[in-house]
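Read through the structure below, which is laid out as structure tokens, and then see the notes.
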Amino acid sequence: MNKFDPGTFSDVSSTPLGEAIWTYLHAESSIACMETTTYLKRPALEGLQPHLLAKFGDEIRADRVKRMTGRMVRQVMESRGYSLDQTDVGIRVGDLYRTAARYTKHP
């Protein structure tokens, strides 16, 4: 697991919640979910929403935490060979995020 580059989110990422989210995003099941959702040409966070809510409850709903989580997902996906395809893609399912980034992996 790589070290998270928090950018402007160092205040949130250094909390127990931030560290727990970073660890959770590296779990095999989380990566499988993000990669599957990406394979279906949807934002990686779209499929992960119910799992994040189940694991972290309403704490994950804070705007700053959601934005940090998006940054974390990008770093996880890029470390696995994915690149940013499009930002602000509308989320069709779930109520945690309204938009998120979509990634692509070129052979």
Notebook entry, point to check: Cross-link partners among lysines for residue 105, C-alpha distance below 20 Å, same-chain residues fewer than 8 apart left out?
Noted result: 41
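Using just the alpha carbons, could you tell me how many Å³ per residue the convex hull of the chain encloses? Can you show the working numbers first?
Numbers: hull volume 10.2 nm³, N = 107.
It comes to 95 Å³ per residue, whole-number rounded.
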Notebook entry, point to check: For region 9-104, with only Lys/Arg (+1) and Asp/Glu (-1) charged at the beta-carbon, what is the dipole magnitude about the Cα centre, in debye rounded to 20?
Noted result: 240
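I need to check one value: relative contact order of the chain, counting alpha carbon pairs closer than 8 Å and at least 6 residues apart, in percent.
Details: 125 pairs, mean separation 30.8, N = 107.
Relative contact order here is 29 percent.
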Checklist line | Cross-link partners of residue 55 among aspartates and glutamates (Cα-Cα below 14 Å; sequence separation of 8 or more within a chain) | finding: 19
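Read the figures in this text as sums done on the coordinates, not as results from a lab. Computed from a prediction, not measured in an experiment: that's the story for all the values here. Positions of Cβ are backbone-derived with ideal geometry, glycine not excepted, and every protein chain shown enters the neighbour counts.
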